[in-house]
Structures are given as C-alpha cells and as structure tokens.
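The values are calculated or read from the model by the stated rules, or taken from the named source; none is laboratory data. Because the structure is predicted, anything quoted here is derived from the model rather than measured. Ideal geometry is used to build each Cβ from the backbone, glycine not excepted, and the neighbour counts take in all protein chains shown.
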Amino acid sequence: NAGVTQTPKFQVLKTGQSMTLQCAQDMNHNSMYWYRQDPGMGLRLIYYSASEGTTDKGEVPNGYNVSRLNKREFSLRLESAAPSQTSVYFCASSEGKGTPQHFGDGTRLSIL
Amino acid sequence: AQSVSQHNHHVILSEAASLELGCNYSYGGTVNLFWYVQYPGQHLQLLLKYFSGDPLVKGIKGFEAEFIKSKFSFNLRKPSVQWSDTAEYFCAVNYGSNTGKLIFGQGTTLQVKP
C-alpha cells in the first residue's frame, strides 16, 4: 500500500531548464495538491485539483503548471526553472472537502 | 485574508516536560482543523483533526488539541514529551471550501533534549 508516491526524490537543475515532478496516489482520492515547503514559511499551496479534470491555482502558482492526467496522477511542471524555485515539493491527496490530506515523501529540488 | 499563525517557531524542552504549541487562525466561518507532524527527513503525518463535536480532540502518540472557537485557536498539547517527539509541527485549517484546500501555519520546530 504505497499511498502517495513522488518522483524523483532529488533533482538539481540549471536556471532555465524545464522539469516535471510526478505524483501518483493509490487511495482512489478525488483531490490532489502540490505544495512547496521553505524554511520558516510552512507549506504553501501551488496548485490543486479538486477532482479529475479540474485544476486551480493556489497561493503561489507563478512559474508552475500542472496536469491532472487521470484520477491517480497529478504532475507539476517547471517550464523555465529559477533559483527562487529551489525548495522541497510535496504532493498530497485527499478524499475531498475537509478530509485529511496524505502526503508523499517530497522532492528536494535545487536550481543553480 | 485567510491565514494561520503559529506563535512559537522553535521550542526546546527536556524529556517529561509538558508541551503546548499555539495555533490561531483568521475568522472564516466553519473550519476544519488539523495538526501535522514532520519527523526529520520524512513526510507530513496527521496527528489529529477537528471537524465538529467535542472541542477537545485526542490524536496519536498522546497528543491532544483544544478548539476554542471564541479565540480562533487550536492549540496542541502533550503532558510529557519524549525525545522521539523531536520534529516540526504544523497547524492547518480548511476554511470549509469544497476543494479541501488547507492553509498551513509556518511550523514549529520542537527539540526535546534527552
């Protein structure tokens, strides 16, 4: 029972490169989320998908795009990476409104 | 704007000391409240949650939290901490949206000295 799986776990990019972070959940959850975690700032929501076929901006969407490929998978894309996007990225999923979110192990991304 | 504030950024305690971590949220009507814990190098795990009913909720590992509506607070407590409780703790609020979005506090790093 894997829960929420994120790949890769670590990545180093150069400024301007593009990259897609993958996330998959096996709990048949409707909603999925992408957060970034920075020291002293908690987790900030980048994008979310309330249900298959829908995506919406969160608190810090600039520089990112997402795709809800199917009910299981929700990817996050950096089109042109910038040093300010150096962070730890977490994917999460939940059944929906008000229910607890389950988190993946995170992707540590460094942009030089 | 919807926001969540955790007052203590870094707390250092000795084993067996009592713990209380503060969490306040901005007014927003009906809320669902959560505390998550992140052990070093791991992902966030749910400690406890409040949806409705008894404002004193009990979670895993001896943690509890009290929802005080009039104070917009949801403080986390534990009577006697252990070294293994060393972690970062996050308060999170769902403001009743249909999407399940959470607003997180900044986090509190707890260091327990053996």
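Overview of values
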{"item": "Residue list for the range A:1-43, filter: out of contact with any Phe, Trp or Tyr (no Cβ under 6 Å at 6 or more places or on another chain) and charged (D, E, K, R)", "result": "A:K9, A:K14, A:D26, A:D38"}
{"item": "Unmet requirement for B:G96, which otherwise passes all of (1) assigned to a loop (DSSP other than H, G, I, E, B); (2) closer than 24 Å to A:Q37 by Cβ; (3) facing chain A (nearest Cβ under 10 Å)", "result": "(2)"}
{"item": "Index of the failed condition, A:T54 passing every other in (1) modelled with pLDDT under 95; (2) in contact with a Lys or Arg (Cβ under 8 Å, 6 or more places away or on another chain); (3) surrounded by 20 or more Cβ atoms within 10 Å (Cβ to Cβ)", "result": "(3)"}
{"item": "Selection count where residues are free of Cβ contacts under 8 Å to residues at least 40 places away in the same chain, of a type in the set (S, T, Y) and within 14 Å of chain A (Cβ to nearest Cβ), scope the range B:43-93", "result": "2"}
{"item": "Strands (runs of 3 or more DSSP E) wholly inside the range A:1-99 that include at least 3 residues being more than 11 Å from chain B (Cβ to nearest Cβ) and under 20 Å from B:L44 (Cα atoms)", "result": "A:19-25, A:74-78"}
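Quick grid of which residues meet (1) modelled with pLDDT of 95 or more; (2) under 24 Å from B:V4 (Cα atoms):
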residue: A:N1; (1), (2): no, no
residue: A:Y47; (1), (2): yes, yes
residue: A:N62; (1), (2): yes, yes
residue: A:S75; (1), (2): yes, no
residue: A:Q85; (1), (2): yes, yes
